[in-house]
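Chemist: Have a look at this one.
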Amino acid sequence: KDSVKPQAEVKTSVTETKTPEKTASEASTPWWLIFLKGIGFGLAALITPCVFPMIPMNVSFFLKRNKTRSGAIKEALFFMFSIIIIYTSLGLLITAVFGETALNALASGAIFNLFFFVMLLVFGISFLGAFEIVLPNSWLNKIDSQSDRGGFIGIFFMAAALSIVSFSCTGIFIGSLLPLVSNSPTGPFFGFLGFGTGFALPFGLFAIVPSLLQSMPKSGGWLNTVKVTLGLLELALALKFASNADLVYQAHILTREVFLTLWIVLFGLTGIYLMGWFKLSHDSDTPSLSIPRLFFAIFALGFTVYMIPGLWGAPLKLLSGVIPPSTYAEWKPQTTTATQLSNQSNTSALAAKMVDGPDGLKVFHNDYESALAYAKEVHKPLMIDYTGHACANCRKMEDNVWVEPDIRNILANDLVIVSLFVDDRKALDKAEQKDVQWGDDKVTLETEGMKWGYMQLSKYKISSQPYYVIVNDDESLLSNNGIGYDTGKDLPVFKTWLSNSVLKYKEKHP
């Protein structure tokens, strides 16, 4: 009968070196990156049919109504800063309504993701030309009446009127930006500050250098092409939010194959549309393709071809954290490697509770007690993987770091792994439910995810995922610290952290 060798007999080609302190709190996106993302969304919103024609119209208004160029520049700059203030205020409002920390928890929930799925689906269909989304006319009329007032107050209300009129186009980008800023307490502020800056920049720039207006492309049918392309991309993005909700509830509706099939169709249609092989009702005749349109078509079709092998199990590392993981597929390739045999060959009742994890590794899912007992049984340290079904950074770690040969060898042969999903919605038995103090609030632990999230926060004072700790038989840490999200550039750090923990376990259990 096969059995697992004790830890002391397993050969490990690692040496102990000093591991720098690193925690999962580093996974929070830095403010400057959020700001740059916001600028990118703001600039992208400019090339939509609702906004692009407004740029020369508003700039010309300030230039014509002022006798001096300095006066025109002053008013245009105030108009620009008014737009920035309006969108920054929106970011502050979001923070005030949801709280500095609640937004991240909300963003990982199914309700939030389903809401954005429906919203982006509606926006996407609207961009395809089925209907137009506008805010109530009464809002616009009230704001527009105030813009007739003189001085800077009137200019501010002109900026507010522009923001409302362009909502049918900017709403897509605002909705897409919000989930990206939810993992940082100051994310909404810097994200919408960036959005307002990118969106408002041309209005001040063209007023200062009006000659640049002459180099702007003229409005025309190409704007509808942009709108339709964005509509198809919004449908693809909507599926991502639907997938998050599906993963959280483990409904297995948008499995990896289903998701990829839909994305292949959407991006394939985008490439075909950009090539001009079919048209929608609002499209104008295009006698020839422009070079930018051709390159966008090449990218869309090339991306489509890249995704096709994923239907048969290709890893698609460029999409790690975006598409459902390989463990969420209908079809799984049968692969058994030497590094899998250690954890697969044990025939104990505890070993039978392990399931297929990332890259075929055998892991425990949400079964901490069995994992700890099995680790003691086979004389190996236990790696606790605080993760999430909809955690993008968790998938990036698994697809890009865990699969590195030396690291995978340690994970498969020298450790027992338990993955605890902090967003799991499975209800706890009544006997396990209890009231706890969670930060400033008193909450009832009602789900598996809440149980593991509270365990992580209370034991290790960290609430972001992924977060990894390696413990001894008595559940004490084998390293002074755990380790969080680690980009591919720091592979040696993660490998050294694993190796040192294994060596320390051997020292304690010769």
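The values are calculated or read from the model by the stated rules, or taken from the named source; none is laboratory data. Just so it is clear, the structure is predicted and the values come from calculations on it, not from any experiment. Virtual Cβ from ideal backbone geometry, glycine too; neighbours counted across all protein chains shown. To get the accessible areas, we keep the full protein, side chains included, count just its heavy atoms, and leave off ligands, DNA and RNA. Shrake-Rupley method; radii C 1.70, N 1.55, O 1.52, S 1.80 Å.
Chemist: Looking only at region 104-116, decide whether some residue is modelled with pLDDT under 85, buried (at least 19 other Cβ atoms within 10 Å of the Cβ) and among the hydroxyl-bearing types (Ser, Thr, Tyr).
Modeler: Yes, region 104-116 has at least one match.
Chemist: On to the next question. Among the residues of region 459-496, which ones are at pLDDT below 85 and either open to solvent by 10 Å² or more (accessible area, probe 1.4 Å) or under 21 Å from residue 436 (Cβ atoms) (or both)? Break it down into steps so the answer makes sense when it comes.
Modeler: We begin by selecting, within region 459-496, every residue at pLDDT below 85; these are 463-464, 479-481, 485-491.
Correct list: 463, 464, 479, 480, 481, 485, 487, 488, 489, 490, 491.
Chemist: Also: Only one of (1) open to solvent by 70 Å² or more (accessible area, probe 1.4 Å); (2) at pLDDT 90 or above; (3) among the hydroxyl-bearing types (Ser, Thr, Tyr); (4) within 24 Å of residue 125 (Cα to Cα) is not met by residue 243, so which one is it?
Modeler: Just one mismatch for residue 243, condition (1).
Chemist: Yes or no: region 135-156 includes at least one residue that is under 31 Å from the mean Cα position of the chain (by Cα) and modelled with pLDDT under 70. Reasoning before the result, please.
Modeler: If we filter region 135-156 for residues that are under 31 Å from the mean Cα position of the chain (by Cα), which is where we start, we get 135.
Next cut, modelled with pLDDT under 70 only: 135.
So far as region 135-156 goes, yes, one or more of its residues are under 31 Å from the mean Cα position of the chain (by Cα) and modelled with pLDDT under 70.
Chemist: Which condition does residue 359 not pass, out of (1) at pLDDT 90 or above; (2) surrounded by 17 or more Cβ atoms within 10 Å (Cβ to Cβ); (3) charged (D, E, K, R), if it passes all the others?
Modeler: So residue 359 meets the others, but not (1).
Chemist: Give 418, 436 a once-over and let me know the one that is over 28 Å from residue 504 (Cα atoms) and either outside any loop (DSSP other than H, G, I, E, B) or out of contact with any helix residue (DSSP H, G or I) (no Cβ under 9 Å at 6 or more places or on another chain) (or both).
Modeler: On inspection, the qualifying residue turns out to be 436.
Chemist: Taking the stated definitions as given, is residue 464 in contact (Cβ under 8 Å) with a residue 40 or more places away in the chain, under 26 Å from the mean Cα position of the chain (by Cα) and assigned to a loop (DSSP other than H, G, I, E, B)?
Modeler: Criteria met by residue 464.
Chemist: Given (1) within 30 Å of the chain's Cα centre (by Cα); (2) free of Cβ contacts under 8 Å to residues at least 40 places away in the same chain; (3) in a loop (DSSP other than H, G, I, E, B), identify the lone condition not met by residue 450.
Modeler: Going through the list (1) within 30 Å of the chain's Cα centre (by Cα); (2) free of Cβ contacts under 8 Å to residues at least 40 places away in the same chain; (3) in a loop (DSSP other than H, G, I, E, B), residue 450 breaks only (3).
Chemist: Follow-up question, since we're still on this one. How many residues does region 235-260 hold that are on the phi < 0 side of the Ramachandran plot and out of contact with any helix residue (DSSP H, G or I) (no Cβ under 7 Å at 6 or more places or on another chain)? So that I can check it myself, show each step before the final result.
Modeler: So the first thing to find is which residues in region 235-260 are on the phi < 0 side of the Ramachandran plot, and the list is 235-249, 251, 253-260.
Subsequent filtering for residues that are out of contact with any helix residue (DSSP H, G or I) (no Cβ under 7 Å at 6 or more places or on another chain) retains 240, 246, 251, 258.
Matching residues across region 235-260 total 4.
Chemist: Among the residues of region 44-51, are any within 28 Å of residue 218 (Cα to Cα), more than 32 Å from the chain's Cα centre (by Cα), modelled with pLDDT under 85 and not β-branched (Val, Ile, Thr)?
Modeler: No, region 44-51 contains no residue that is within 28 Å of residue 218 (Cα to Cα), more than 32 Å from the chain's Cα centre (by Cα), modelled with pLDDT under 85 and not β-branched (Val, Ile, Thr).
Chemist: When you look at residue 499, is it assigned to a helix (DSSP H, G or I), among the hydroxyl-bearing types (Ser, Thr, Tyr) and either surrounded by fewer than 16 Cβ atoms within 10 Å (Cβ to Cβ) or in contact with a His (Cβ under 9 Å, 6 or more places away or on another chain) (or both), yes or no?
Modeler: Details: assigned to a helix (DSSP H, G or I): yes; among the hydroxyl-bearing types (Ser, Thr, Tyr): yes; either surrounded by fewer than 16 Cβ atoms within 10 Å (Cβ to Cβ) or in contact with a His (Cβ under 9 Å, 6 or more places away or on another chain) (or both): no.
When the stated conditions are applied, residue 499 does not pass them.
Chemist: Hand me the list of helices (runs of 4 or more DSSP H) wholly inside region 31-100 holding 3 or more residues that are farther than 18 Å from residue 200 by Cβ. Can you show your working first?
Modeler: On the way: elements: 31-45, 54-65, 69-98.
Output list reads 31-45, 69-98.
Chemist: In region 37-91, how many residues are polar (S, T, N, Q), closer than 29 Å to residue 186 by Cβ and open to solvent by less than 30 Å² (accessible area, probe 1.4 Å)? Walk me through it before giving the result.
Modeler: Let us first name the residues in region 37-91 that are polar (S, T, N, Q), namely 48, 58, 60, 66, 68, 70, 82, 88-89.
When the remaining residues are screened for being closer than 29 Å to residue 186 by Cβ, the result is 48, 82, 88-89.
If we keep only those that are open to solvent by less than 30 Å² (accessible area, probe 1.4 Å) as well, we get 48, 82, 88.
Matching residues across region 37-91 total 3.
Chemist: Only one residue in 426, 434 is surrounded by fewer than 17 Cβ atoms within 10 Å (Cβ to Cβ), within 25 Å of residue 248 (Cα to Cα), free of Cβ contacts under 8 Å to residues at least 12 places away in the same chain and among the basic types (Lys, Arg), so which one is that?
Modeler: 434
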